[in-house]
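The values are calculated or read from the model by the stated rules, or taken from the named source; none is laboratory data. Note that the structure is a prediction, hence the values are computed from the model and not measured. Don't worry about glycine lacking a Cβ; one is built from the backbone with ideal geometry, like all the others, and counts go over all protein chains shown. With ligands, DNA and RNA removed, areas are computed over all heavy atoms of the protein, side chains included. Shrake-Rupley method; radii C 1.70, N 1.55, O 1.52, S 1.80 Å.
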Amino acid sequence: MTKIIDGKEFAQKIRNQVKEDSDNLFKNKEVQPCLAVVLVGENPASKVYVGAKTKMAAECNIKTKDFKMEDTTDQATLLKVIEELNNDSGVHGILVQLPLPKQIDERAVIDAIDVKKDVDGFHAINAGRLSIGGEMLKQAFIPCTPLGSLLLLKDTVPNLSGMNAVVIGRSNIVGKPMSQLLIEESCTVTIVHSRTKDIEAICSKADIIVAAVGRPEMIKSNWIKDDAVIIDVGINRIPSKKPDGSEGTKLVGDVDYNDVFEKSSAITPVPGGVGPMTIACLLRNTVTSAYRHAGLDDPRGTVS
Ligand code: NDP
């Protein structure tokens, strides 16, 4: 029978751990973890996301500092804010909500964040540490969506060693870090993307498929082998009729869930799979950073 991998429940478990770790840090060192969230512009999706982060941080006893900046903010002004946050010893994590307005160079901004406060894990040094792996990984911050995807996967398949994994998508935010995490788990990893030839044939040999494409319901049952484990990172809004027949929308993944369900051994739904894990892992990274700043070991290890 196919297992539905419940990301909502798992994310709640992680947030409970984060709260416990945050409370222990305060008890032992009188330090409250603090996350600075910088939002530039009025992107509605970003605003919703930032709001959810702030609310969940409060539930985990993590302090947040919000910086809302105009859409017309120039790069120098944003860099100045980041420098101030880098120098603020009360701030343990800095998150600059992406995407940034077009007048700002995202890479320059990400790499201006103190690597020890880069809880999104996008800084070039953190990406390099993840790529090198091993001991280096213990100093890194791992990007939140791939970290959440791996935690869900390991909860279903504790020993991934030797498995064939196909990651669909090669973005710096999801596809590449995910593939590096799977290499670290001793999977044999293939990354496919928009230029890959015969993508279905490659996917059909995979024990594990991680889909991070941004194409609604692209992956069908004839792409996957029997009993494959499917991690669907995609979040796509498509038109859908409401129960009363009027026009509405709904969220779907990159995998055609209903088509693939019977053939897979385990699958993340959308919504309620990988989605809730991203914020939970951001909060986890923030508390990890606060522990490191206090000279303590990571409370939960790298990936456990
Ligand atoms: P990007 O657009 O940055 O990357 C998409 C990747 O998919 C690219 O590597 C692209 O290839 C590849 N691709 C596009 N079309 C095809 C195709 N037809 N066949 C094979 N590969 C294709 O997206 P992200 O990685 O940022 O996000 C991917 C999905 O994950 C999105 O749906 C996004 O909404 C979701 N997401 C969910 C998060 C969560 O919290 N759960 C967080 C982040 C993202 P190429 O490089 O050749 O262009």
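In this structure, is G169 crowded, with 22+ Cβ neighbours inside 10 Å and on the phi > 0 side of the Ramachandran plot?
On the way: crowded, with 22+ Cβ neighbours inside 10 Å: yes; on the phi > 0 side of the Ramachandran plot: yes.
Taking the combined requirement at face value, the residue satisfies it.
If the requirement is being open to solvent by 60 Å² or more (accessible area, probe 1.4 Å), farther than 17 Å from L150 by Cβ and either within 16 Å of the ligand (Cβ to nearest atom) or touching a Phe, Trp or Tyr at 6+ places or on another chain (Cβ under 7 Å) (or both), which of these qualifies: K263, K250, K225?
None of the others qualify; the one that does is K250.
Could you please give the count of residues in region 271-286 that are within 9 Å of the ligand (Cβ to nearest atom) and hydrophobic (A, V, I, L, M, F, W, C)?
Residues in region 271-286 being within 9 Å of the ligand (Cβ to nearest atom) and hydrophobic (A, V, I, L, M, F, W, C): 3 in total.
Evaluate region 139-158: report whether one residue or more is open to solvent by 30 Å² or more (accessible area, probe 1.4 Å) and part of a loop (DSSP other than H, G, I, E, B).
Looking only at region 139-158, we keep the residues that are open to solvent by 30 Å² or more (accessible area, probe 1.4 Å), and these are 139, 154-156, 158.
Still in the running and part of a loop (DSSP other than H, G, I, E, B): 158.
The answer is yes; a qualifying residue exists.
If we scan region 190-201, do we find a residue that is of a type outside the set (A, V, I, L, M) and part of a strand (DSSP E or B)?
Yes, region 190-201 has at least one match.
Mind telling me which of the residues V81, V115, V50 ends up being touching a Leu at 6+ places or on another chain (Cβ under 7 Å) and aliphatic (A, V, I, L, M)? Working first, answer last.
Numbers: V81 fails: touching a Leu at 6+ places or on another chain (Cβ under 7 Å); V115 fails: touching a Leu at 6+ places or on another chain (Cβ under 7 Å).
Of V81, V115, V50, the one residue that is touching a Leu at 6+ places or on another chain (Cβ under 7 Å) and aliphatic (A, V, I, L, M) is V50.
Checking the condition exposed (fewer than 15 other Cβ atoms within 10 Å of the Cβ) and more than 11 Å from the ligand (Cβ to nearest atom), which residue from D198, D207 passes? Working first, answer last.
Details: D207 fails: exposed (fewer than 15 other Cβ atoms within 10 Å of the Cβ).
On inspection, the qualifying residue turns out to be D198.
Please tell me if I94 is closer than 21 Å to G121 by Cα, aliphatic (A, V, I, L, M), touching an Asp or Glu at 6+ places or on another chain (Cβ under 8 Å) and in contact (Cβ under 8 Å) with a residue 24 or more places away in the chain.
Yes.
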